Amino acid sequence: MRDRDDSTGPRRIAYVLPVYNEEDNIEVFHAALVEATDKRPDLDFEFVYVDDGSRDASLERLVELRAQDPRVTVVQFSRNFGHQLAVTAGLDLVAEARDADAVVVMDTDLQDPPLVSLEMIDRWEEGVEVVYAQRRTRKDTAFKRATAWGFYWVLDRLASIEIPRNVGDFRLMDARVVAEVARYREHDRFLRGIVAHVGFRQEALLFDRDERYAGRTGYPLRKMIGFAASGIIGFSTTPLKLISRIGYAISLFSVLLACYVLFVRLFRPEDSVPGWAFLGVGMFMLSGIQLVMMGVIGSYLGRVYVEAQDRPLYTVAMVARDAGDARTDPRRHRDMGVLDPGAKP
Ligand code: UDP
Ligand code: MG
């Protein structure tokens, strides 16, 4: 990873830009992005467009862009893998190239205003490692707003870490954070959760989300539900624990029912139907026990799941130790513990 205080060259910001069927947006978007980034001639920029298997002429547009602007990098997917994986591929590319100091992830439909990314860069220069854009307003339908609200409500209650509300993937990340995110290799990805999980100094930047410039959303309800599920299931095993809780509740109910049955039997024998007690209590008790047992299986499954995700155990931000410069140099930990003398200057 590049040395941030390096005096030999300007600092470099890489933009990671997922593209899916955006043929009518790309040119306008890139022009707006260039206009914004031109306001910072002291910085170097790279624009990594990832074409996520578009079915329209998006790829041709990107190749044209690259012919005009050598700062454009084009990655083409073999098919549509989805927005989260397109962003991941861009981040991986930047992390591997090790020449960027920070990465901005943004949509290419002009819903994320390029000028806001300049404000992010200002905040990053003040030392904030993750600047995420939080929507102050959104021009979405009432339905999308309501479902988004419900999703964050559930996530807040279930997830093991705090994932900020009304935040998409529009954000700036310091190169150290990108290097860390690149270590999370789970297949079902909820990137904003991973970034929250990684830690470091993270701050929100309020902005007004615009309407999509042209074309249609690549996120229909079906995909949104799947995405919400990855967010909840990826960061919580609470749904599995729910099984045992329901099991305990039903078991308790069967005990109360048994008491009631006994009461009827002893004090009001004229109301009792033969066989009823055995069947009623037995049914509740058995299904209660079954659910408790499934919950036990669930707890083990939860552990297997967490192990299978194979996430890094922790992220070191800095080590202060009296043993030579390299150890106390926080920059060393941009590569998270790998001291690489061969890294590009
Ligand atoms: N996108 C993508 N792959 C997909 C769907 C979308 O790379 O399968 C890109 C899309 O080009 C855009 C961003 O992800 O840059 C956000 O998608 P979209 O605008 O469709 O989502 P919305 O803003 O409606 O949530
Ligand atoms: Mg959009």
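Odds and ends about this structure:
- Any hit, the range 29-38, residues being more than 28 Å from Asp188 (Cα to Cα) and charged (D, E, K, R): yes
- Selection from the range 52-63 of residues that are buried (at least 16 other Cβ atoms within 10 Å of the Cβ) and either assigned to a loop (DSSP other than H, G, I, E, B) or within 16 Å of ligand 2 (Cβ to nearest atom) (or both): Asp52, Gly53, Ser54, Ser58
- Condition check for Arg189: within 16 Å of ligand 2 (Cβ to nearest atom) and of a type in the set (Lys, Arg): no
- Residues that are of a type outside the set (Asp, Glu), more than 16 Å from ligand 2 (Cβ to nearest atom), touching a residue at least 24 places away in the same chain (Cβ under 8 Å) and under 18 Å from Ile13 (Cα atoms) within the range 64-89 comprise Arg71, Val72, Thr73, Val74, Val75, Thr88, Ala89, listed in sequence order.
So that you can scan it fast, the table gives a plain yes or no per residue for (1) farther than 30 Å from Glu307 by Cα; (2) at pLDDT 85 or above; (3) of a type in the set (Phe, Trp, Tyr); (4) outside any helix (DSSP H, G or I):
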residue: Pro239; (1), (2), (3), (4): no, no, no, no
residue: Tyr248; (1), (2), (3), (4): no, yes, yes, no
residue: Leu252; (1), (2), (3), (4): yes, yes, no, no
residue: Cys259; (1), (2), (3), (4): yes, yes, no, no
residue: Leu262; (1), (2), (3), (4): yes, yes, no, no
residue: Arg265; (1), (2), (3), (4): yes, no, no, no
residue: Val273; (1), (2), (3), (4): yes, no, no, yes
residue: Gly280; (1), (2), (3), (4): yes, no, no, no
residue: Val292; (1), (2), (3), (4): no, yes, no, no
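- Test result for Thr141, under 21 Å from Thr217 (Cα atoms), within 16 Å of ligand 2 (Cβ to nearest atom), more than 18 Å from the chain's Cα centre (by Cα) and free of Cβ contacts under 8 Å to residues at least 12 places away in the same chain: yes
- Flag for Ile246 being closer than 30 Å to Gly82 by Cβ and away from ligand 1 (no atom under 16 Å from the Cβ): no
- If you filter the range 197-229 down to residues that are modelled with pLDDT of 85 or more and assigned to a helix (DSSP H, G or I), you find that the one that is surrounded by the most Cβ atoms within 10 Å (Cβ to Cβ) is Val198.
- Selection count, the range 64-100, where residues are in a helix (DSSP H, G or I), among the polar types (S, T, N, Q) and either more than 19 Å from Arg171 (Cα to Cα) or open to solvent by 80 Å² or more (accessible area, probe 1.4 Å) (or both): 1
- Flag if Arg189 is open to solvent by 50 Å² or more (accessible area, probe 1.4 Å) and either in contact with a Ser or Thr (Cβ under 9 Å, 6 or more places away or on another chain) or at negative phi (or both): no
- Residue identified as within 13 Å of ligand 1 (Cβ to nearest atom), in contact (Cβ under 8 Å) with a residue 60 or more places away in the chain, of a type in the set (S, T, N, Q) and within 23 Å of Gln202 (Cβ to Cβ) among Gln111, Gln134: Gln111
- Total residues in the range 90-121, condition over 20 Å from Lys39 (Cβ atoms) and away from ligand 2 (no atom under 14 Å from the Cβ): 10
- For the criterion of being closer than 23 Å to Glu180 by Cβ and either out of contact with any strand residue (DSSP E or B) (no Cβ under 7 Å at 6 or more places or on another chain) or hydrophobic (A, V, I, L, M, F, W, C) (or both), Leu91 passes.
- Taken over the range 17-49, the criterion of being in a loop (DSSP other than H, G, I, E, B), open to solvent by 40 Å² or more (accessible area, probe 1.4 Å) and within 16 Å of ligand 2 (Cβ to nearest atom) is satisfied by Tyr20, Asn21, Glu23, Asp24.
The values are calculated or read from the model by the stated rules, or taken from the named source; none is laboratory data. Not measured: the values here are computed from a predicted model. Note that we place each Cβ from the backbone using ideal geometry, even for glycine, and neighbour counts take in every protein chain shown. Ligands, DNA and RNA are stripped out before the accessible areas are found, and what is left, the full protein with its side chains, is counted by its heavy atoms. Shrake-Rupley method; radii C 1.70, N 1.55, O 1.52, S 1.80 Å.
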